[in-house]
Each structure stands twice: as structure tokens, then as C-alpha cells.
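Scroll down for the structure; my scribbles are underneath it.
The values are calculated or read from the model by the stated rules, or taken from the named source; none is laboratory data. Small disclaimer: the values here were computed from a predicted structure and weren't measured. Reconstructed Cβ throughout: ideal geometry from the backbone, glycine too, with neighbour counts over all protein chains shown. Each accessible area value is taken on the protein alone, full model and side chains, heavy atoms only, with ligands, DNA and RNA left out. Shrake-Rupley method; radii C 1.70, N 1.55, O 1.52, S 1.80 Å.
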Amino acid sequence: MRIRLSKEKSGSGVIRSGGGSAVVFIILLVSALFMLLPFYYAIVQSLKPMQEIFAFPPKFYVRNPTLSNYKSLMQLTNSMWIPFWRYVFNSVSQTAIGTVLIIIISSLAAFPLAKCDFPGRNLIFKTVVTSLLFVGPITAVPAFIVIAKLGLYNTYLALIVPSLASSLGLFLMKNFMEQLNDSLIESAKIDGAGLVTIYYRIVMPLTKPAWITVMILTIQSLWGGAGNGYIYDEQLKSLPVALSQITASGMARSGASAAAGVVLMIPPFIFFVLSQRNVVQTMANAGIKE
Amino acid sequence: MRKDLFLHNLKKARDNKVCYLMVFPFLLFFLAFTIIPVVASFFLSFTNYNMLESARFVGIENYIRMFLDDDVFIKALSNTIIFAVVTGPISYFACLIFAWLINELSPTVRAILTFVFYAPTMSGSLYVIWAFIFSGDSYGLLNSFLQTLGVVSEPVQWLTDTKTLVTCVMVVSVWASLGASFLSFIAGFQTIDTSVYEAAAIDGIRNRVEELVRITLPLMGPQLMFGAVMQIAGAFGAGGISQALCGYPTTDDAGTTLVLLISDLGTERYEMGYACAMSFVLFALMILVNNIIQTVIRKHAST
């Protein structure tokens, strides 16, 4: 595999020596292998038959690949106290409903913050930028009090509602919307369109990369089990929690737990691959300007 | 004069009623689950609130207790700071350097490598695989590898030995830290007008590193600031990986971070007032670090 340097893209006047790109190649190769190592090992472990899992020393490859771990994962989940489909249902609905609501709520707020001049606008946006620091785990305990006081503790709503105001989502969308041409919005206003009409007829179609990016980030966090700390009822919890119980039970189930890991990582991967172009386009505007 | 300004703003606000309506749903949830928790934690930190009885004002007792009378807190605070000081810069520069190196490649290779480096961030629950790698018996991949090479004779208890535990958690944290900042750096490099490089070459910039430091980075101020915020949030919010790999509590509290201790106090022991005081120390620490870093970046880059 050779790396092609796309000169016309980088357009640099500085010429890199052949030795330099060999070093870069090695750095990237070694780091990429390090990043991929756990994924590779997860897949290998998940395909190992029982005697290979217990083989000593542990092998870095699989000799007789089998799907038996995936089958035993199914059996384990069937023997759980709560039917497995319940966790799947919880995770899928949490991710789907949460993602749609987060996109609507953050884009709805991002548009006026980007394009209208109203008192309080700067204060709101500055507060949101500062709050980028206060991600989920950092505010979890004080937020727990609010959730308990609102009666959301141990309800389905606790899986979604605390995530609804996504500072990162609003931030990315607002910066992206700022790039839109003002004359487009002005001429729609002259044609008599209200702000809300402009929002869903013009702004949303033109900012697809931004909300797809927010979608990806939201799917990652919700699918990854956000909000489960506010729940104690087993039947309300989501998939990552259920699968972590399987993985918590030691060596005998290490094949099944690797299989669980592989199954869980597939959905976010697919979404990311499908939308990578949009993500990079959006991130081009993800700067804090002052 | 001030009254005029006020009336002017009032009129502007009235003319923009729709704007407020559109921002309202966000603000509602933002206030409820971000602003109120942060503000409330400040006030509750001066009480003995425990969720069962009503809060009683105790002055700065919680703060005195944590700094003078709570070894676990001191341990967690120093763990958090050490952790942030080590992994924060490493992950920040890893995001930057990999984004820079990847930027040179053809679009297809770039897309593949972006995916490879970003993949750990997406796979929230795959930490468990690192537990196989660092497993303390001879079945652990790292142990068996080192034993085969003859580097160690006995399996090392990577995740329970206080000497190795923190390093393992740091390695996994860096592995999983090329997130939103990494993507924004990649995008930032791609949007730079390439003609500045030609001009720079004429002006005598000799190599790529000089070009990066003197030309490219000063143009990426906004991305660098965004990246700093995200990595600070990640570094100070660490805890999940430690808990997933080593459990909680860890040997001698070696893997205890503030986030883990706060969550233990708050949700297991219901010492909310005390947990809020600790949260507030964490908020203050993060804002302080963020302000310092933003000032440094602003001094060296145009934003």
C-alpha cells in the first residue's frame, strides 16, 4: 500500500523529502494499528470456539472460526430475567426519539441565534459555549437532583429528556447556519414567509450536513447508554447496560461478551461511514470565534 | 440615555417574538439540566442536603471537610489533575498531529484513516476488550506477550496494581479521545486557503513543521479553541473508563477521579450537599483551566 500525496490539494510550495513521507507513513501505520487493535481482538475473540478461548498462551488469531459465541449470546439474553427484546426496544426507541427531538430543538434555536438580531442573543450563545465544558458525567449529580425533583427519576423520560438541550448540537448548527447567505433569507421575508417557514423550507434543507453531524453525535451518546444512571428498574434500562452484565461475568463468557461488543458497535459505525462527508463539512465551521 | 437603550431593546425584543419562541424549547431544557444543576450545586454546597430532609445551611463546612479532613477527596482531586495534565495535552496534540498528517493524503485514504482514528470514540462499550488485553492472569494478551518474550516472568496485575493501573486507564483514555476536536481539526486543515502556503514558501518557510507552526496554526484559532474546550471536558470528566476497566473503588483509590467520587457520594450515599461542593470545585477548576488555555491560544492565533 502506497500513500499518494495529493499535491494539488495541499498545494504546498514546500517540498517534502522522500524520507519524510516514509516516516509519516510508519507513524500513521503504527498508530492506526494501535487504534484498531481492540476491534480486531474483539472480532477474533468473538469468533473463537471455547477451547481456543481457553488455549494457553492466548492466540492473536482464530484457527476454527465459529458463530457459537453469537449463538450463546442469544441464549444468554433469552435466559435473562427481562426479555432481551425489551432492552433492544428501549435502546432503539431512546436513540430514535431522542435524536429526532434533539435535532429539532437545537436547529430551531440555532437559526435565530445565527441570523436574527434580538436582545439576549449573545448572552445565550456565550453561555452555551461555556457549557460545552460541562458534559454529562460532570453535571450528573446536580442534574440528578433536578431529575428527581421533576419526578423523572426511574422513568423512560429520564433516558431522553436530560439530553434534549445539546450544547454541542446547538453550537455546531449555529456556526453552520451563519455561513448561509443572508440575501436568501431576506428575499424569503420579502415574499412574506415567516421565520418558521424559512426555517423548515430554506434553512433546514441547506444545513443538512450540520444536522446529520448532530445526528451522528447524538446517536453515539444515546446508543452508548446515556441516561441509564437515572434508572434503577431493569426493564427500563437500555442495551449497553444489559450487555455489560453479560461481560461482567468472567472468562467463561468472554467469547459472548466480545460478541456483544461487536454487535453494539455496528450501528454507530454504519451511520458514521454513511455520513462522514457531511460531518467533515460541518466541522469546518466548528470554531469558537470571538 | 440608558432608558432609551432599554426602550430600544424592548421594541427589538417585541419585534422578534418569534425568535424567542424558537429558542424557548432549547432554553427550557438547557436551564433545567445544565444551568440549574450548576447554579444549584453552588448553593447546595453550603448545606447538608441529603434528598430526604430539607437542606440545612452549614456554611463552608463541606469545603473545610473536603480539603482538611477527606483523604479520598484529596486523592481524587490529585488523580483528576494528574490525569488531565497527562491525557489532556497528549490527546489534544494527537488530534492535531493526526489531523495534520491525514490532511496530506488522498481523499480515499483520508476518509479511511479518519474513520480508523475516530472509531474508538464511537464504540462506547468496547472498553471491555481492553480488559482482556490487560487481564491480570496469563490469559491476558499483554501478559502472555511479555511472558513469551521473557520480559516478565510472572503475570502483571495491570488493572489492580496501583503502579500500572493509572497508566492503563490513561492509555485507553487517549485511545478513545480522538473525538469532535479531531474532526474539527481535519475540517480546519481542509478549509485553509492553500495560496498562503505558496506565499509562505516564497517568504522563506523551509519545512512542513515550520509551515504548520507559523502559518497554519495561527489561521486555525477558532478550531484550536473549540478543540481545547472539548479535550478539557473529556480530560476532567474522566472516570467512566477507570470504572469499566478497574471497577470502583480501586486499590488505594488509585483510579478514583472526582467524577467517580462525586457520583458515589451523590447517588449511593445521598450526601448531596457534599457532592455538590465537590462538583463546584470541579466546575471552577475546569473554567479556570479553560480560561488560561483560551488566553494562550488567543495570544498566538487570530480568532
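What's the center-to-center distance, using Cα atoms, between region B:262-278 and region B:1-51 in Å?
26
Pick from B:CYS19, B:CYS95, B:CYS246: which residue has the top mean-square fluctuation in a GNM of chain B where Cα pairs under 10 Å get a spring?
B:CYS19
Loop only per DSSP, at most 11 neighbouring Cβ atoms within 10 Å: give me the chymotrypsin sites (Phe, Trp or Tyr not before Pro) in region A:221-290, ordered by residue number. It would help to have the intermediate numbers written out before the result.
On the way: sites: A:TRP223, A:TYR230, A:TYR232, A:PHE269, A:PHE271, A:PHE272; in loops: A:TYR232.
Qualifying residues, ordered by number: A:TYR232.
Please report how far the C-alpha centroid of region B:173-243 lies from that of region A:117-185, rounded to the nearest whole angstrom.
25
Determine the calculated [θ] at 222 nm for the protein assembly as shown from helices alone, applying -39500 (n - 2.57) to every DSSP H run no shorter than 4 residues and normalising by the residue count; nearest 500 deg cm²/dmol.
-21000 deg cm²/dmol
Using a Förster distance of 60 Å, how high is the FRET efficiency between B:LEU149 and B:LYS3, based on the Cβ-Cβ distance and rounded to 0.05? Mind showing how you got there, number by number?
Details: r = 80 Å, r/R0 = 1.33.
It comes to 0.15.
Where in chain B is the longest stretch that carries no trypsin sites (Lys or Arg not before Pro) classed as loop by DSSP and with at most 12 other Cβ atoms within 10 Å? Don't jump to the answer; show the numbers that get you there.
Values: sites that count: B:ARG56, B:ARG206, B:ARG269.
Between the exposed loop sites, the longest stretch runs B:57-205.
Which one of A:MET177, A:MET74, A:MET35 has the biggest mean-square fluctuation once chain A is modelled by GNM with Cα springs under 10 Å?
A:MET35
So for the pair B:LYS11, B:ASP252, with labels modelled 7 Å out along Cα→Cβ, what separation do we get in nm?
Spacing of the two 7 Å Cα→Cβ label points: 7.1 nm.
Mind checking how much accessible area A and B bury in total, 1.4 Å probe, in Å² rounded to 100? Write down the numbers at each step before the final one.
On the way: alone 17740 and 18190 Å², together 27070 Å².
Its buried surface, counting both partners, is about 8900 Å².
Determine how large the accessible area of B:ASP253 is when every protein chain is in place; take a 1.4 Å probe and give Å² rounded to the nearest 10.
Accessible area of B:ASP253: about 40 Å².
If you place +1 on the Cβ of every Lys and Arg, -1 on the Cβ of every Asp and Glu, and leave all else neutral, what size is the dipole of the protein assembly as shown about its Cα centre, to the nearest 20 Debye?
Values: 39 positive and 31 negative charges, 285 e Å.
Taking the Cα centre of the protein assembly as shown as origin, the dipole is about 1380 debye.
Which of A:MET204, A:PRO142, A:ALA55 sits closest to the plus end of the dipole of the protein assembly as shown, meaning its Cα is farthest towards the positive end, when Lys and Arg get +1 and Asp and Glu get -1 on the C-beta?
So the residue furthest toward the plus end is A:MET204.
Only sites in a loop by DSSP and with at most 11 other Cβ atoms within 10 Å count here; which chymotrypsin sites (Phe, Trp or Tyr not before Pro) in region A:81-140 make the cut? Don't skip to the answer; put the middle values down first.
Working: sites: A:TRP81, A:PHE84, A:TRP85, A:TYR87, A:PHE89, A:PHE125, A:PHE134; in loops: A:TRP81, A:PHE134.
Answer by residue number: A:TRP81.
Quick one, could you list the DSSP H helices from chain B stretching 27 Å or more along their long axis (Cα atoms) with average Kyte-Doolittle hydropathy of -0.5 or above? Let's see the in-between values first.
Details: long enough: B:71-103 (47 Å, 1.52); B:272-300 (42 Å, 1.24).
Taking the DSSP H segments of chain B (at least 27 Å long, mean hydropathy at least -0.5), we get B:71-103, B:272-300.
Could you tell me the relative contact order of region B:67-300? Use alpha-carbon pairs under 8 Å, at least six residues apart, and round to a whole percent. Mind showing how you got there, number by number?
Working: 236 pairs, mean separation 62.8, N = 234.
The normalised contact order for region B:67-300 reaches 27 percent.
Over the C-alpha atoms of chain A, what are the Rg and the largest Cα-to-Cα span, Dmax, in Å?
So, for chain A, Rg and Dmax equal 23.8, 76 Å respectively.
If you place +1 on the Cβ of every Lys and Arg, -1 on the Cβ of every Asp and Glu, and leave all else neutral, what size is the dipole of region B:25-180 about its Cα centre, to the nearest 20 Debye?
360
Just counting partner chain Cβ atoms within 10 Å, what average do the residues of peptide A:272-280 show around their Cβ?
Working: counts 6, 3, 0, 0, 7, 2, 0, 7, 9.
Average per residue, whole number: 4.
Along Cα→Cβ, 7 Å out, is where each label goes; now give me the distance between the ones at A:MET74 and A:GLN51 in nm to one decimal.
Roughly 2.4 nm, to one decimal.
Please give the direction-averaged projected area of the C-alpha convex hull for chain B, in square nanometres with one decimal. Could you put the intermediate results ahead of the total?
Details: hull surface 98.3 nm².
That works out to 24.6 nm².
Give the average, rounded to an integer, of partner chain Cβ atoms located within 10 angstrom of each Cβ in B:282-290.
Values: counts 3, 5, 0, 0, 4, 3, 0, 1, 3.
Per residue, the average neighbour count from other chains is 2.
Over the Cα atoms of region B:51-177, what Rg and Dmax result, in angstrom?
Here Rg and the maximum Cα pair distance are 20.8, 63 Å.
Which shape class, rounded, prolate or oblate, goes with region A:186-290 when its Cα gyration tensor gives a ≥ b ≥ c as root eigenvalues, a/c under 1.5 marks rounded, and past that a/b bigger than b/c marks prolate?
Working: a/c = 3.45, a/b = 2.41, b/c = 1.43.
Judged from the Cα gyration tensor, region A:186-290 comes out prolate (a/c at least 1.5, a/b above b/c).
What residue among A:LYS115, A:LYS149, A:LYS174 has the largest mean-square fluctuation in a Gaussian network model of chain A, using Cα springs under 10 Å?
A:LYS149
Starting from the amide H of B:THR47, placed 1.01 Å from N in the peptide plane, find each other amide H under 5 Å away whose residue is 5 or more places distant or on another chain.
B:VAL58
Scan chain A and note any complete DSSP helix (H) whose C-alpha atoms cover at least 24 Å along its axis and whose Kyte-Doolittle average is -0.5 or more.
On the way: long enough: A:18-47 (41 Å, 1.92); A:84-115 (47 Å, 1.18); A:254-283 (40 Å, 1.16).
Correct list, ordered by number: A:18-47, A:84-115, A:254-283.
Would you please give the FRET efficiency between B:ASP137 and B:ALA284, computed as 1/(1 + (r/R0)^6) with r the Cβ-Cβ distance and R0 = 45 Å, to the nearest 0.05?
That gives a FRET efficiency of 0.60.
For B:208-216, what's the mean count of beta carbons from other chains sitting within 10 Å of each residue's beta carbon? Could you put the intermediate results ahead of the total?
Values: counts 8, 2, 1, 3, 0, 0, 0, 2, 0.
Across the residues of B:208-216, the mean count of other-chain Cβ atoms within 10 Å is 2.
Given chain A, what count of lysine pairs have C-alpha atoms under 21 Å apart, with each pair 8 or more places apart or on different chains?
Lysine pairs satisfying the spacing and distance rule in chain A number 13.
Can you tell me which lysines have their Cα less than 23 Å from the Cα of B:LYS163? Leave out same-chain residues fewer than eight positions away.
Here the lysines satisfying the reach criterion relative to B:LYS163 are B:LYS75.
Top to bottom by accessible area (1.4 Å), largest first, where do B:ASP70, B:ASP4, B:ASP137 land? Intermediate values should be presented prior to the final figure.
Details: B:ASP70 25, B:ASP4 100, B:ASP137 65 Å².
Descending order: B:ASP4, B:ASP137, B:ASP70.
If one puts a single equal scatterer on every Cα of the protein assembly as shown and applies the Debye formula without solvent, what log₁₀ I(q)/I(0) results at q = 0.06, 0.09, 0.10 Å⁻¹?
For the requested q values the scattering log ratios are -0.34, -0.77, -0.96.
Among B:THR250, A:PRO268, B:THR267, whose Cα projects farthest towards the positive end of the dipole of the protein assembly as shown, with charges put on the beta-carbon of Lys, Arg (+1) and Asp, Glu (-1)?
The residue sitting farthest along the positive end of the dipole is A:PRO268.
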